[in-house]
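Heads up, the thing below is written out as structure tokens.
The values are calculated or read from the model by the stated rules, or taken from the named source; none is laboratory data. Because the structure is predicted, anything quoted here is derived from the model rather than measured. With ideal geometry, Cβ positions are generated from the backbone for all residues, glycine too; neighbour counts draw on all protein chains shown. To get the accessible areas, we keep the full protein, side chains included, count just its heavy atoms, and leave off ligands, DNA and RNA. Shrake-Rupley method; radii C 1.70, N 1.55, O 1.52, S 1.80 Å.
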Amino acid sequence: MTYLFLAYSIIWTLIAGYIVILGKRQKALKKELQLLDEWNTEQ
Amino acid sequence: MKQKSGFIDTAMFYLLIPMVFAALYFVFIWSPVEKFMGAPQKIFYFHVSCAWVAFLAFFTVGYYSVRTLIKPNIKFHIHAGISAEIGVLFTTITLLTGMIWGKSSWNTWWTWEPRLATTLILWFIYVAYLFVRRMEGSWEKIAKLSAVFGIIGVINVPIVFMAIRWWNTKLHPVVFGDGKNQDGGGIEPPMLFTLLFCIFTITLLYAYLMRKGIEIEKMRHAVKKAKNKAINRLAG
Amino acid sequence: MKELVHMLELKNLTKILGDKVILRNVSLSLDRGESLAVVGPNGAGKSTFFKCTVGLLRPTSGEVYLDGELISKNSMSVKQKIGFLGHESYLYSTLTPLENLKFYGKLYKIKEADKKSAELLKEVGLHLFRDMPVRSFSRGMVQRLSIARVLLAEPEILMLDEPHTGLDVEAAYLLNRILKEKQRRGTAILMISHDFEQVQELADRVAVLSKGKIADTMAIRQGSNLEALKEWYEKAVKGA
Amino acid sequence: MKAIISDAWTIAGKDLGNEWKNKQTIGMMVIFSSLVILVFSFAFDPTNNMVKAVIPGLIWLITIFSGLLGLNRSFLSEQENDSITGLRSAPIDPSSIYLGKVMANCTMVAAVQIISIPVLFLLFDYRFMGEFLWFLLVLAAGTLGFIIVGTFLAALAVNAKNSEMLLPVLLLPLLSPLMIAAVQATRIILENADIQDAMSWIQLMAAYDLLFLAACFFLFEFIMEGS
């Protein structure tokens, strides 16, 4: 039973972790893009 | 166009959540407990689904690699890269769950069973592929080199499987069809349904992650372009 | 006699590398026995321009014709006609000059490569050093040897990427003499250069490549003014 | 096709002639493989009878480790003075560069094997009793496959800054089926067991060699096409 629990917790932490990483990447990029856009249109 | 793809993403997301819970319900509550292996057998559903997606992702890499070589296009290059990344994720999951299953049913963390060993080598090829993509240079060059490596890698997978199968075919329980006399090897209809449902869910998850990843990668390129523009502006 | 087919013809050559447009719509033509110099500031895309013309890079769009034949990836007959003197020497530093020439002679399927290599070595003044590994050569000697390598195959068009770098006055004079001789025999010469003096000495025409475009071209008459050439160049670059 | 082979031979001849003159790479490879053997004889006590079981694996281990050194060099040496561009602008088929490098590397690894495998048998006090010709056949098939894939990946890896580190990471997973087959076949032959048992392994190696030779031969063009 513990093995079952272990397996499923591993599966979901990894998937959730990947989604979190993706979200973080997207956020950082969004921020950068916004900054650059502002900078590019400023002048 | 942009709105439409955003809509698909949202729809997929809201479809995925209930499906994941439904899959978990089928796995843990609805489907019967296997009489020989007991509760740990329930690892099997997601283990198989993840393995399926891992191989699917790898062949997707191969497919887009071939297309990149035929006609270089940054879209194919990005698709192949994201697929490889998700492939690494699911291969890792397959390996870990496979090990746990092995521990619970054969009391050993690792066996050189063909499918598991092939998955391990697949993992190494994936990682090598990602290393190739990390090389410096214009994307055209990297697209070409990584596509070439991707194709060689895909050719290799069936051979690896065959070699390891010949090398050692002892331990894997044959769940489907060709087990001896079908006893202990058969699969009950609810189990089959649960398995298929899980495979479908994970495949959908793969598609969702692919879309998400591609979107992010496109953003990265937009950032790069904007950066170049800014630099050009600075340079005068 | 007027040639109907240009020795080299570029039609709307465009090359995009990554997100950068290196060359945009470059069109040029070059006849037999003519020499064209391409000048331009650093980063104007001169090297890319060359690699596209030689067929080492595939242009994003546009075509390159050599002697009426479209340059595609692996047309060996086209490569046989090109003598490409690049930025690097392409020589093996562990081999001697003679071995280097023999090796390339075999690849270019030259008959009597040994005899011809020896003659060429004499011509570029490396005869005495023919059994020394290239490793110990000075920049000028290496450049002489790579000129010999290019001439070995008797190309119909010479493409020279800054041929005068690293050469002393004497060697530069030697090179110019060889090139003029070749030109007189009908070899087309395309060269990239920084050195206006040599350009004026060698070229019939000059083209300015700036920001990936041909900014201007001008014919050079014998005895024209070096200062005027420089002035014209500055103006063309600014105008681009 | 004839032209490709003769050009390949020219390129291989240049590499081998160069190697014959200074003997640096081969020397290093021989020394390195001997050192691997030395370290292994410390790791597993050679007087122990069990050690006989690892001999087939060791043969391939030293081949791959020392071969990797040579493979790394084979395209790095073309980078000096950018002579690879010189080859690319010559009127030859790009595949002949690949073929030439395969020939040169194969000869070099074979030369190293001729020295290091007897040394291995000597230091581990191993009496060879199998069928010699079959042993050579297995050795040739395995080494050829290793060089076919290795040369191709060396050309690919040389584009990276850390190519020496990248090459093994790329190469070893792809070699795994070949190595399984090679080690098993070698073991069967050295144990003087029925050759019939080794047959399927030899067939696997032959199939691997042919498949990858065709694939690499075809794909090499794309590696050479710079951008």
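Key figures for this structure:
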| read-out | value |
| --- | --- |
| Members of segment C:104-118 found to be at the interface with chain D (Cβ under 7 Å from one of its Cβ atoms), open to solvent by 10 Å² or more (accessible area, probe 1.4 Å) and either hydrophobic (A, V, I, L, M, F, W, C) or within 28 Å of C:Phe49 (Cβ to Cβ) (or both), listed by number | C:Tyr108 |
| Those residues of segment D:35-46 which are in contact (Cβ under 8 Å) with a residue 12 or more places away in the chain and either open to solvent by 40 Å² or more (accessible area, probe 1.4 Å) or of a type in the set (Val, Ile, Thr) (or both), in sequence order | D:Val36, D:Ile37, D:Leu38, D:Phe40 |
| Filtered residue count, segment D:12-24, keeping only those that are more than 8 Å from chain C (Cβ to nearest Cβ) and either surrounded by fewer than 13 Cβ atoms within 10 Å (Cβ to Cβ) or β-branched (Val, Ile, Thr) (or both) | 3 |
| Selection within segment C:57-88 - in contact with a Gly (Cβ under 9 Å, 6 or more places away or on another chain), open to solvent by 10 Å² or more (accessible area, probe 1.4 Å) and either more than 8 Å from every other protein chain (Cβ to nearest Cβ) or not in a helix (DSSP H, G or I) (or both) | C:Leu57, C:Ile71, C:Ser72, C:Lys73, C:Asn74, C:Ser75, C:Phe84, C:Glu88 |
| Failed item, numbered, when C:Lys111 is tested on (1) farther than 22 Å from C:Val54 by Cα; (2) part of a loop (DSSP other than H, G, I, E, B); (3) touching a Pro at 6+ places or on another chain (Cβ under 9 Å) | (3) |
| Unmet requirement for D:Thr186, which otherwise passes all of (1) crowded, with 19+ Cβ neighbours inside 10 Å; (2) out of contact with any Pro (no Cβ under 6 Å at 6 or more places or on another chain); (3) more than 30 Å from B:Ile142 (Cα to Cα) | (2) |
| Selection count where residues are closer than 19 Å to B:Val53 by Cβ and at the interface with chain A (Cβ under 9 Å from one of its Cβ atoms), scope segment B:100-122 | 2 |
| Where D:Val102 falls short, out of the listed (1) in contact with a Ser or Thr (Cβ under 6 Å, 6 or more places away or on another chain); (2) over 28 Å from D:Pro177 (Cβ atoms) | (2) |
| Selection within segment D:109-127 - outside any helix (DSSP H, G or I) and open to solvent by less than 70 Å² (accessible area, probe 1.4 Å) | D:Phe124, D:Tyr126 |
| Residues of segment B:121-142 classified as without any contact (Cβ under 8 Å) to a residue 40 or more places away in the chain, assigned to a helix (DSSP H, G or I) and open to solvent by 40 Å² or more (accessible area, probe 1.4 Å), total | 4 |
| Segment B:82-97, residues that are of a type outside the set (S, T, N, Q) and open to solvent by 10 Å² or more (accessible area, probe 1.4 Å) | B:Glu85, B:Val88, B:Leu89, B:Leu95, B:Leu96 |
| Output for segment D:140-170, where each listed residue is surrounded by fewer than 22 Cβ atoms within 10 Å (Cβ to Cβ), at the interface with chain B (Cβ under 8 Å from one of its Cβ atoms) and in a helix (DSSP H, G or I) | D:Val169 |
| Residues (at the interface with another protein chain (Cβ under 9 Å from one of its Cβ atoms), of a type outside the set (A, V, I, L, M, F, W, C) and closer than 15 Å to B:Asp9 by Cα) located in segment B:211-236 | B:Lys212, B:Gly213, B:Glu215 |
